[in-house]
Each structure stands twice: as structure tokens, then as C-alpha cells.
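Novice: Let me begin by handing over the structure; questions about it come next.
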Amino acid sequence: MEQEELRKRTFKDKLISGFNHWRFSTMEPLQLKIARYRREKDYFKLVAAPLISVYVPTYNRAEILMERAVKSVLNQSYRNFEFIILGDHCTDKTEELVSKIKDPRIKFYNLPKRGYRYPPTVENHWLAGPVTAANQALKMIKGEWIARLDDDDIWTSDHLEELLRFAQNGNYEFVSACYIIEKHGQRNVMDGSSAQGPYYNKANKPIKGDNPKIGGSCTWFYRSYLKFFKYNINCWRKSWNRVNDAELSMRIFKAGTRMGFLEKPLALYLPRPGEEATGLEAYKISAEEKLKHFEFKK
């Protein structure tokens, strides 16, 4: 996860963001209590091999999807999972390549359209691009746990097994971990950022209560009764935590979710072929290409 620099916001931006802040902060803690009341008892017994729902939102990146995300998911030491690949109205050969994999755990769904969602700047595509597909995937999950990765992410072979046992043993509802990032030929281990620290908060305030680290979304692993937390398509309108995953993880934390962090790298975040950077930096370097790739269709 990366933060985008502050931007000049319109009155409409402030109005919509303010309403969403009120709605999320009012409703989501209550939804969490209700979800716990209904479902938490199902997690008291440490089931050895519960069903995990893995999902990947993707858009016209068939080759990298197959080479990275799909290969690393199918290579997991933990085997009891469903794998939802959610195409954001893919028009390349994504569906063709996925259909060639004869594994009943894989489910592919392609959104029927990809219309206008936000002002199509390169920054907004990076901030909110996966939101619609990711939210559709969350509606489709059937497992007791949820894991998310992007089409260009790579998991270690023990990713699911490590996070499941860590979450179960710590009675956590949401866990994440370190990951390895490569930029300009250098690889480094990325630690998590403290929920009450400067990454997530513009103003430094005294720390009160829990202050867990939160890792990148490629390491998120959480109980499926938290699927009511949806990504915010208007995250780009905010003044801070504008990236869709950063915004969502803060809402999950502020609602009161029990969160844990595993101090072990369990994923690789690498540049895409032909690029040396990752994240927003890569989007800006190849801005013209990205604008063309993510162009909305009427």
C-alpha cells in the first residue's frame, strides 16, 4: 500500500467523503457486532482445514495473471480453497487461458461491462481501479476465510497455511504479514504500518488502545463474516487514505476488528514486465500506456 499526495478537493468531494465517513463509522461497528453474534461461534473450534476463499480482481493482464497469481495460488501447500478470478470486463484472452486449467477450485466470472466510475486520471485508476471487481468477488465467496491478491502478486507456497494457523492460534479476525518488494532492481522486506501511526493518519495523536501493524493487501487474511466491509469506489475523493486498500483496512480497524500481524514475508510484489518500479510510481512513469489500458468503455 502507498499513499498518494494531497490534492485540491471540490465541495462535492468533501460532501461525499463526509457522508461516507459518517455512514461507515456509524454502521460498520454495529455490523461487526451483529456478524460476531451470528458467526463467531463457528470459529471457536480450530477446524484443521476450513475452506478459504481466494480472490483476484483482474483486467486484461492474462499472461501476468497466469504466470504470477494463478501459479502461486495453485502451488499452495494448503489445498482446501476456492479460487475466484474476477474479470473487470476482460476483453483479452483471460477467460480462454483460465478455462484451460482443469481445476474445480477455480471459478471465473467476467463483469458484463466496464463503464465510467470516476475521473479517468492515472492516479484514480491506481487508487480505485480494482474496487468494482473486488466487491463483486466478495459477494461470491463461500469459504470461512478470505484471502486477496492482485493479478501481479506472488505468494510463497506456505502463504495460506501460515496465515490460517496464525489467525486461529491468536483468535484474530484479520491478519496480515510482511512482504518483499522489488524496485529498480533492489529487493527489500516491507514491514507493516501501525494503524495509529503516521502512514494512516495525517495528524499525530496520542495512541489509545490497540495499535496493530497492517501489511499490504496481498497478505490480508480474514474471517468471512467481515465481507460486509466493501471497497469504497469514492476513495479517490478523500484527503488521506485514498488508496482503496488503505482506506478499507482503516475502516476494518476502526470498527473494532481484532487484528494481528505476522513478522514473516509471505508474498512478493514485483514490477510488471518491462517496468522497474511498482505501485503509483510505475503508473506515473507509463501514464499514457496506463490511461489507454484502463480506458472506460461506453
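Novice: Considering every pair of different Cα atoms, what Kirkwood radius, in Å, is found for segment 46-200?
Specialist: 17.0 Å
Novice: Out of all DSSP beta bridges in the chain, what portion is antiparallel? Express it as a percent rounded to 5.
Specialist: Around 40 percent of the beta bridges assigned by DSSP in the chain are antiparallel ones.
Novice: I've got another one for you. P(r) for segment 11-293, please, calculated from all Cα pair distances in 5 Å bins and given in %.
Specialist: Using 5 Å bins, I get a P(r) of 1, 5, 12, 16, 20, 19, 14, 9, 3, 1, 0 for segment 11-293.
Novice: Which whole-number percent is the relative contact order of the chain (Cα, under 8 Å, 6+ apart)?
Specialist: 27 percent
Novice: While we're here: How high is the FRET efficiency between residue 258 and residue 67 when r is their beta carbon distance and R₀ equals 45 Å, given to the nearest 0.05?
Specialist: The formula returns an efficiency of 0.80 here.
Novice: Further question: Could you order peptides 40-50, 222-232 by the average number of other Cβ atoms within 10 Å of their residues, highest first?
Specialist: Listed from highest to lowest mean packing, they are 222-232, 40-50.
Novice: Using the crude model of +1 on Lys and Arg Cβ and -1 on Asp and Glu Cβ, and no other charge, please compute the dipole size for segment 11-293 relative to its Cα centre, in debye to 20.
Specialist: 1280 debye
Novice: May I pose another question? Residue 188 to residue 202: extension gain in nm, 0.36 nm per residue of separation minus the Cα-Cα distance?
Specialist: 2.5 nm
Novice: Using Cβ counts within 10 Å as a stand-in for footprinting exposure, how do 182, 123 rank, fewest first?
Specialist: 182, 123
Novice: Okay, next question. Taking Cα atoms of segment 196-298, Rg/Rh with Kirkwood Rh, to two decimals?
Specialist: Ratio value, two decimals: 1.00.
Novice: Further, regarding this structure: Could you give each residue of segment 53-70 its phi-based ³J(HN,Hα) in whole Hz, using Karplus coefficients 6.51, -1.76, 1.60 with θ = phi - 60°, and x for Gly or Pro?
Specialist: 9, 9, 9, 9, x, 8, 8, 6, 9, 4, 5, 5, 4, 5, 6, 9, 4, 4
Novice: State which entries of 102/230; 142/254; 100/284; 107/284; 102/284 exceed 29 angstrom in Cα-Cα distance in the structure shown.
Specialist: Listed pairs above 29 Å: 102/230; 100/284; 107/284; 102/284.
Novice: Now for a different question. Which residue fluctuates most in the GNM of the chain (Cα springs below 10 Å): 154, 84, 34?
Specialist: Largest GNM mean-square fluctuation: 34.
Novice: Which net charge results for the neighbourhood of residue 142, defined as the other residues with beta-carbon distances under 10 angstrom from its beta-carbon, given Lys and Arg at +1 and Asp and Glu at -1?
Specialist: -1
Novice: Just report the Cα centroid separation between segment 225-244 and segment 190-207, whole Å.
Specialist: 17 Å
Novice: If we count every other residue with Cβ under 12 angstrom of residue 256's Cβ, Lys/Arg +1 and Asp/Glu -1, where does the sum land?
Specialist: My count for the surroundings of residue 256 gives +2.
Novice: Sum up the charges of everything whose Cβ sits under 15 Å from the Cβ of residue 177, counting Lys and Arg as +1 and Asp and Glu as -1, but leave residue 177 out.
Specialist: Charge balance in the 15 Å sphere: -3.
Novice: If each of residue 11 and residue 33 carries a label point 7 Å out from its Cα toward its Cβ, how far apart are those two points in nm?
Specialist: For residue 11 paired with residue 33, the spin-label model returns 3.7 nm.
Novice: While we're here: Need one number: nm distance between label points at residue 22 and residue 45, each 7 Å from Cα along Cα→Cβ, rounded to one decimal.
Specialist: Simple spin-label model gives 4.6 nm for this pair.
Novice: Just to be sure I understand the model, the point goes 7 Å from the Cα along the line to the Cβ. What's the resulting residue 272 to residue 228 distance in nm?
Specialist: Placing both labels 7 Å along Cα→Cβ, they lie 3.6 nm apart.
Novice: If you take all C-alpha pairs in segment 160-204, what percent of them are over 14 Å apart?
Specialist: 65 percent
Novice: Tell me, what ³J(HN,Hα) does each residue in segment 212-222 have, in order and in whole Hz, if you take phi through Karplus 6.51 cos²θ - 1.76 cosθ + 1.60 with θ = phi - 60° and put x for Gly and Pro?
Specialist: x, 6, 10, x, x, 4, 5, 10, 5, 8, 8
Novice: For segment 1-138, rounded, prolate or oblate, judged on the Cα gyration tensor with a ≥ b ≥ c (square roots of eigenvalues), a/c < 1.5 rounded, else prolate if a/b > b/c?
Specialist: oblate
Just so you know, all these numbers are worked out from the coordinates, no wet-lab data involved. These figures come from a predicted structure and were not determined experimentally. Methodologically, a virtual Cβ is constructed for each residue, glycine included, from the backbone with ideal geometry; neighbour enumeration extends over all protein chains shown.
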